[in-house]
Amino acid sequence: MVAPTKNGPPLGGYGAVAMKEALVETMTTLPEQLRRTLTWDRGKELSQHAQFKIETGIAVYFADPQSPWQRGTNENHNGLLRQYFPKGTDISRWSNEETQAVEAALNSRPRKSLGWKTPAEALDEHLRLLHQAGVATTG
């Protein structure tokens, strides 16, 4: 077995700022109902969490140290991401089109935790239910 090759320091040494900027850009595109909170592990890449909250209004919570069970589906998703991006990969070296292709592949992969629905199907169902709950009926 060949050990994975690192592609340089994560985000070229400016990880926290780049992560915050990427999260601000991405999270603000989500429907309001889906961007109330963000739960993160204790990595230094989210050390800009206070500025993120100021810019987005999204509260940030941190999992307890050494407690991966508090983020079970996140841990599973990280494992899937490692199939495309080995730990230590400098994501900035990948084009937007390439990362979107990985996103599409993962979002169309059925998950046991979602009753064998894909994440895209589960999100679509959730958004439809939110929309239906918000529509008043007359009768």
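The values are calculated or read from the model by the stated rules, or taken from the named source; none is laboratory data. The structure presented is a predicted model; accordingly, all values stated were derived computationally and were not measured. Note that we place each Cβ from the backbone using ideal geometry, even for glycine, and neighbour counts take in every protein chain shown.
Things worth noting here:
- Scanning the range 50-67 for residues that are touching a residue at least 24 places away in the same chain (Cβ under 8 Å), closer than 26 Å to ASP90 by Cβ and of a type outside the set (A, V, I, L, M) yields a count of 4.
- Close Cβ contacts (under 6 Å, 6 or more residues apart or on different chains) running from residues in the range 124-139 that are part of a helix (DSSP H, G or I) to residues that are surrounded by 10 or more Cβ atoms within 10 Å (Cβ to Cβ) and modelled with pLDDT of 80 or more comprise LEU130/GLN33.
- Members of the range 75-97 that are within 22 Å of LYS20 (Cβ to Cβ) and either without any contact (Cβ under 8 Å) to a residue 12 or more places away in the chain or in contact with a Leu (Cβ under 9 Å, 6 or more places away or on another chain) (or both): HIS77, ASN78, LEU81, ASP90, ILE91, SER92, TRP94, SER95, ASN96
- Residue check for GLN33: surrounded by 12 or more Cβ atoms within 10 Å (Cβ to Cβ), over 15 Å from the mean Cα position of the chain (by Cα) and either among the aromatic types (Phe, Trp, Tyr) or modelled with pLDDT under 85 (or both): yes
- Selection from the range 16-33 of residues that are within 15 Å of THR99 (Cβ to Cβ) and assigned to a loop (DSSP other than H, G, I, E, B): THR29
Residue-by-condition table, conditions (1) more than 30 Å from ARG128 (Cα to Cα); (2) polar (S, T, N, Q); (3) modelled with pLDDT under 80; (4) surrounded by 16 or more Cβ atoms within 10 Å (Cβ to Cβ):
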| site | (1), (2), (3), (4) |
| --- | --- |
| THR5 | yes, yes, yes, no |
| GLY8 | yes, no, yes, no |
| LYS44 | yes, no, no, no |
| ASN74 | no, yes, yes, no |
| HIS77 | no, no, no, no |
| TYR84 | yes, no, no, no |
| LYS87 | yes, no, no, no |
